[in-house]
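The structure appears below as structure tokens.
The values are calculated or read from the model by the stated rules, or taken from the named source; none is laboratory data. Predicted model only: the values in this text are computed from it and were never measured. Neighbour counts run over all protein chains shown; Cβ positions are idealised from the backbone, glycine included. Areas reflect the complete protein model, heavy atoms only, side chains present, ligands, DNA and RNA absent. Shrake-Rupley method; radii C 1.70, N 1.55, O 1.52, S 1.80 Å.
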Amino acid sequence: MRYGMVIDLQKCVGCNSCTVACRAEQGTPAGVHFHKVMKYEAGKYPNAKMRFLPMPCMHCQDPPCLKVCPTGATYKRDDGPILIDHEKCIGCRACMVACPYDSRQFLWDIRNYYAGHPATPYEQIKQKTFDKGTVVKCNFCVQRLERGRLPACVETCPAGARKFGDLDDPGSEPSRLIVLYRGAPFREDLGTEPSVFYIKG
Ligand code: SF4
Ligand code: SF4
Ligand code: SF4
């Protein structure tokens, strides 16, 4: 079993619903992003087009962040996701330097969304799951997987651009899409064996 995601760049319309769903699910403090959608222009005027590259953590199977973590705070689950044990994280940020995908963020502070106002009841609950002075990132929504749900970003994508499942199962939807459309990781040449694959437009 190896959890993985496929993102079809031909279908992505850059709406950022995935980013919003991620924030809502994880309750990330203001300024903290577990997911981003990069924008770039392809082609030349008058045939230029805007393209989008949604980027969660790549959950690499040979993760550089894990190799440099001095405390064992960064670890890999048997079913693939790369997670951080905040109890063990000393905030050294070596993992941030090692990650080639810029997937990690240091929690300098835990800020409310509405500056000058107290945390909302939802923020008060979610902020308890964050520790100032530690590093955070996308966790493939393991808390949802354990309840039989898909990651929030996958479930919410209105274009159906994101698929999630077992990459070790050749019959799973992501595995079939990777074969059918020659899906590949972003910067495969880095050799980190990401568990996020892209179908190119
Ligand atoms: S929700 Fe889907 S269509 Fe919208 S930006 Fe994310 S991946 Fe693209
Ligand atoms: S910041 Fe935390 S997770 Fe990252 S390398 Fe240091 S101890 Fe490990
Ligand atoms: S898998 Fe979960 S934590 Fe990761 S980007 Fe998607 S919604 Fe955010």
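Remarks
- Taking the centroid of alpha carbons for each part, region 80-107 and region 108-137 are 18 Å apart.
- For the set H86, H33, H59, H117, the ranking by accessible area, highest first and with no ligand, DNA or RNA atoms included, is H117, H33, H86, H59 under a 1.4 Å probe.
- Accessible surface ranking for Y45, Y3, Y101, Y75, 1.4 angstrom probe, highest first: Y45, Y75, Y3, Y101.
- Think of a 1.4 Å ball rolled over the protein heavy atoms: the chain then has 54 Å² of accessible area per residue.
- In a simple Cβ point-charge model (Lys, Arg +1; Asp, Glu -1; nothing else charged), region 3-199 has a dipole of about 620 debye relative to its Cα centre.
- Counting only lysines at least 8 places from K137 when in the same chain, those with an alpha carbon closer than 17 Å to its own are K36, K67, K76, K88, K126, K128.
- Heavy-atom accessible surface of region 3-199: percent carbon and sulfur, 1.4 Å: 53
- Applying both filters, DSSP loop and at most 15 other Cβ atoms within 10 Å, to the GluC sites (Glu not before Pro) of region 100-184 gives E146.
- Region 37-51 - phi-based ³J(HN,Hα) in whole Hz, Karplus 6.51/-1.76/1.60, Gly and Pro as x: 10, 7, 10, 8, 9, 10, x, 10, 3, x, 10, 6, 9, 8, 10
- Mean sequence separation of contacting Cα pairs (under 8 Å, at least six apart), scaled by the length of region 53-190, corresponds to a relative contact order of 18 percent.
- S17 accessible area, assembled protein chains, probe 1.4 Å, Å²: 40
- Across D85, D109, the residue with the most accessible area heads the list, and the full order at a 1.4 Å probe is D109, D85.
- Kirkwood-type hydrodynamic radius, region 3-199: 17.7 Å, calculated from all non-identical alpha-carbon pairs.
- Rounded to the nearest Hz, the phi-derived 3J(HN,Hα) couplings of region 142-156 under the Karplus curve 6.51 cos²θ - 1.76 cosθ + 1.60 (θ = phi - 60°) are 4, 5, 7, 4, 5, 9, x, 9, 7, x, 4, 5, 6, 5, 8, where x marks glycine and proline.
- Choice from M96, M55, M38 showing the highest fluctuation, given a GNM over the chain with Cα pairs closer than 10 Å: M38
- Between V37 and D109, the simple spin-label model (points 7 angstrom out along Cα→Cβ) gives 2.9 nm.
- Integer Hz, Karplus 6.51/-1.76/1.60 couplings in order for region 122-132, x for Gly and Pro: 5, 4, 4, 5, 5, 4, 5, 8, 10, 10, 4
- Taking a sphere under 14 Å around the Cβ of G191 and counting the other residues whose Cβ falls inside, with K and R at +1 and D and E at -1, yields a net charge of -2.
- Electrostatic bookkeeping for I90 treats Lys and Arg as +1 and Asp and Glu as -1; over the other residues with beta carbon under 15 Å from its beta carbon, the sum is +1.
- For region 145-190 versus region 1-56, the spacing of their alpha-carbon centroids is 14 Å.
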